[in-house]
Amino acid sequence: MSVILRPLFALMLLPCLIQQNEAAPRDDGKQNGPIVLSSEHIAAVNRPRQVICNFDTNFGAPSIAKKLAGMDVDDLVKGFFSMIDEPGVEIDSIWWCWLDGNYANYPSQVLPVWQLPGFKKWWDQGIDPVRIFDEETKKRNIESFCSYRINGTDMNLIQPLSKPLLKDSHPEWLIRTWEAYKNPGYWNFAIPEVRDYKVAILREIAENYDFDGIEIDFARIPICLPLEHQWENRQHLTKFMRAVRRMTLEVAQQRGRPLLIAARVPENLVGCHFDGMDVEAWSRENLVDIFVLGNRSLDADIQGFRRITEGTSIKLYPCHDVHHASDGYEQPTIEVHRGVFANWMQQGADGIQTFNYTNWTADGAKALGFGIEDWLPPSNAHELPVWMVHRHAYRDFADLESLKHKDKVFVVQRRGGGHGATVVPDPANWTTPRWMYFLTNMLAPLPERLANDGKADTLLFVAVGDDLSAASNHVEKVSVAVLLSDPDAADLKPAERLATYQMASHDQPRGLRANIPPQIGIENHIELRLNNIHLGTAQIDRGWLVFDAKPNQFAVGNNLIGLRIADRPADVKSEIQVEMLEVRVDYR
């Protein structure tokens, strides 16, 4: 049954935005225990899925959509499935993202439809790529989800539309923030009509396509409730999630098979509370089947989510975004990919979700008319094109046994970055975020200062997912590497300072953020203790201080790093700053 959208501009008719003759009663905030899920539904939740690919089709990006829309469908499939079809790449679930949430690039009666000539050419021929990609995914025996950005931006270049955006007629339903993409504001889910409208959009997707599940992506954008009062209004998002669950269960009953719900939420419980997401209630009431944890953070409170989901079938998948990335680690090396995944699996994750990976091979890009074979990460940290790094990562993620003794880098998280200082504060000029917790890495410990008086260690935790002590016979070398900045050395001649290192940062010109190299000889004044073991004097490598360590000095999980500076001159004006810290493991 298709969704019929009644006139949007008459306020008295707006409660009818959900289906005319099958509209669910509005949630009154009362709930009598958890929703009971069928054994078939639970079996679908328990389906083996170690690697999930969130695949942004880029059909919401005008420059790319205009190039691809209307092209030969066989070439389209060849390009988009090129990485998926690579030998050794085992992706268990693909979550297709088609749009930013407030318009449609597929035939829709609910949303304004982007009237792009290439789309019309397809539709006139009976071609709908959304349906084709879902079918092609299932042909490969891969699970297929629709990923829906619940509060996405309004790209002002997406014109013409079949009808005006609903935001234009109801500015009172919006939360005002920054002006990115000339966005008038974000939907306020404390408004019942907003919740109804979003359920109607999701119902149309659920009924018109045969997806195995729907992901509600709160990362784009998590501002869903009145600013600085999100947690006080958390019940409204819970009402929305209840309505979505009831709707998907209705659709599942109609079509005769389960329809799962995933929710992308902040990477820890306090972040969820900051943004008004009562994930504890969602878990108690069985409103979700999968939590995707975070987006660009390399840390995730997997144990905290395990605690609140105990006794349920809910699965946990932390997410690794390599484009809007953790500051300093945009498009990282394969060793960083491995370290992130090893940590998450050691902490009890059910697998990983990739985000913004290059899912086109060189041949796939050629089929689409793009040339990505020469793309390199901003830091030029390795020689391989990015798509090859990601192919290696997919192969490693699929085979835990082969991953065990492969080189890895375990890193300490940096704050901020990712979307520019207007949205997420700059780590070099940090301010406490007020818009949202999501995407900010607000609790990350770096950058951090070393006290000039040297009286107390600066303490940091670094998680190491490998049991290095047990694998000591396989370890060639293990070290702790530290990158520093010293503002007092800024005016020294280059020959008097360590080499400059360019941190790969999404929000910087050319994607690079340079440290301020300390004076040569700083390694003689920096002490590092690993689990209270003094590691001795560092060597210098490309501007980093590298301390040699032994495998049996590491614990599995969190390790305590203590850093201090000794003999700091009395006339210095600034404190040295720890920019980055890594544990580097080379296996034989």
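The values are calculated or read from the model by the stated rules, or taken from the named source; none is laboratory data. Note that the structure is predicted; figures quoted are calculated from it, not measured. Here the Cβ is made from the backbone with ideal geometry for all residues, glycine too, and neighbour counts use every protein chain on show.
If I ask for residues that are under 22 Å from the mean Cα position of the chain (by Cα) and either part of a helix (DSSP H, G or I) or not hydroxyl-bearing (Ser, Thr, Tyr) (or both), which ones from segment 152-178 would you list?
Here is the first cut: in segment 152-178, the residues under 22 Å from the mean Cα position of the chain (by Cα) are 152-155, 177-178.
Scanning segment 152-178 gives Gly152, Asp154, Met155, Trp178.
Pick from segment 63-106 the residues that are more than 16 Å from Val130 (Cα to Cα) and among the polar types (S, T, N, Q): which of them is modelled with the highest pLDDT?
Ser82
Which of the residues spanning segment 265-320 are over 18 Å from the mean Cα position of the chain (by Cα), β-branched (Val, Ile, Thr) and surrounded by fewer than 23 Cβ atoms within 10 Å (Cβ to Cβ)?
Ile308, Thr309, Thr312
Determine whether segment 460-475 contains at least one residue that is farther than 21 Å from Glu335 by Cβ and outside any helix (DSSP H, G or I).
Taking segment 460-475 as the starting set, the residues that turn out to be farther than 21 Å from Glu335 by Cβ are none.
Looking through segment 460-475, none of the residues is farther than 21 Å from Glu335 by Cβ and outside any helix (DSSP H, G or I).
Of all residues in segment 97-127, count the ones that are surrounded by 14 or more Cβ atoms within 10 Å (Cβ to Cβ) and among the acidic types (Asp, Glu).
Counting residues in segment 97-127 that are surrounded by 14 or more Cβ atoms within 10 Å (Cβ to Cβ) and among the acidic types (Asp, Glu) gives 1.
Is it the case, given these coordinates, that Ala10 is farther than 24 Å from Ile214 by Cβ, surrounded by fewer than 20 Cβ atoms within 10 Å (Cβ to Cβ) and either modelled with pLDDT under 50 or more than 31 Å from the chain's Cα centre (by Cα) (or both)? Give the steps one after another, and end with the answer.
Values: farther than 24 Å from Ile214 by Cβ: yes; surrounded by fewer than 20 Cβ atoms within 10 Å (Cβ to Cβ): yes; either modelled with pLDDT under 50 or more than 31 Å from the chain's Cα centre (by Cα) (or both): yes.
Yes; evaluated as a whole, the condition is true for this residue.
Taking the condition of being over 21 Å from Gln413 (Cβ atoms) and either modelled with pLDDT under 95 or touching a strand residue (DSSP E or B) at 6+ places or on another chain (Cβ under 8 Å) (or both), how many residues in segment 539-563 meet it? It would help to see each step written out before you state the result.
Just the residues of segment 539-563 that are over 21 Å from Gln413 (Cβ atoms), to begin with: 539-542, 548, 550-553.
Applying the additional criterion that residues be either modelled with pLDDT under 95 or touching a strand residue (DSSP E or B) at 6+ places or on another chain (Cβ under 8 Å) (or both) yields 539-541, 548, 550-551, 553.
Residues that pass the stated criteria total 7.
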